[in-house]
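What follows is one structure encoded as structure tokens, with my remarks underneath.
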Amino acid sequence: MPNKISKDSNQTYSIRLSQKDHDDAVKVFDKLGLDWSNGIKIYLKQIIRQEAIPFSLTSGNISNEHKYFTPNEETARAIEIAHAEDQGLIPDTAKDFTSAEEAIKYLFRDK
């Protein structure tokens, strides 16, 4: 009889990518206080939550101003609110975290 694996148990998966891409991603994750595993998990959680790739896919022919993404309406509004809070136009409602791990736990908490 085959072993049954719980839907909640963690599995190990492998991907193929160049050493340079791996190293470049690790550098970014390090700057964010993340390890490789958590960085990839965050990316996959965003795919699940948004039911889409969490950034715009383009042919590469884009201006530097919009190099990384074009926000949807909800994200654009959140950016406007964040700018207004930064400028002191409205009260700051941002939650503060002392570590990336604390922020990750907050993001993945049961609501």
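Scan the stretch 15-32 for residues that are in a loop (DSSP other than H, G, I, E, B) and at pLDDT below 90 and jot them down. Walk me through how you get there before you give the answer.
Restricting attention to the stretch 15-32, the residues satisfying the condition of being in a loop (DSSP other than H, G, I, E, B) are 15-18, 32.
Leu32, the sole residue that qualifies.
Taking the stretch 95-105 on its own, how many of its residues are free of Cβ contacts under 8 Å to residues at least 60 places away in the same chain and farther than 15 Å from Gln46 by Cβ? It would help to see each step written out before you state the result.
Taking the stretch 95-105 and keeping what is free of Cβ contacts under 8 Å to residues at least 60 places away in the same chain, we get 95-98, 102-103, 105.
Cutting the leftovers down to farther than 15 Å from Gln46 by Cβ gives us 95-98, 102, 105.
Residues that pass the stated criteria total 6.
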Cβ pairs under 9 Å, 6+ apart, first in the stretch 54-81 and farther than 27 Å from Asp92 by Cβ, second modelled with pLDDT under 85 and assigned to a helix (DSSP H, G or I): Ser56/His66; Thr58/His66
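Scan the stretch 70-111 residue by residue and report those that are of a type in the set (S, T, N, Q) and farther than 22 Å from Pro54 by Cα.
So the first thing to find is which residues in the stretch 70-111 are of a type in the set (S, T, N, Q), and the list is 70, 72, 75, 87, 93, 98-99.
Correct list: Gln87, Thr93, Thr98, Ser99.
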Search result, residues across the stretch 38-82 that are at pLDDT 85 or above and polar (S, T, N, Q): Asn38, Gln46, Gln50, Thr75
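The values are calculated or read from the model by the stated rules, or taken from the named source; none is laboratory data. Please read all numbers here as calculations on a predicted model, not as lab measurements. Note: ideal-geometry Cβ built from the backbone for every residue, glycine included; neighbour counts use all protein chains shown.
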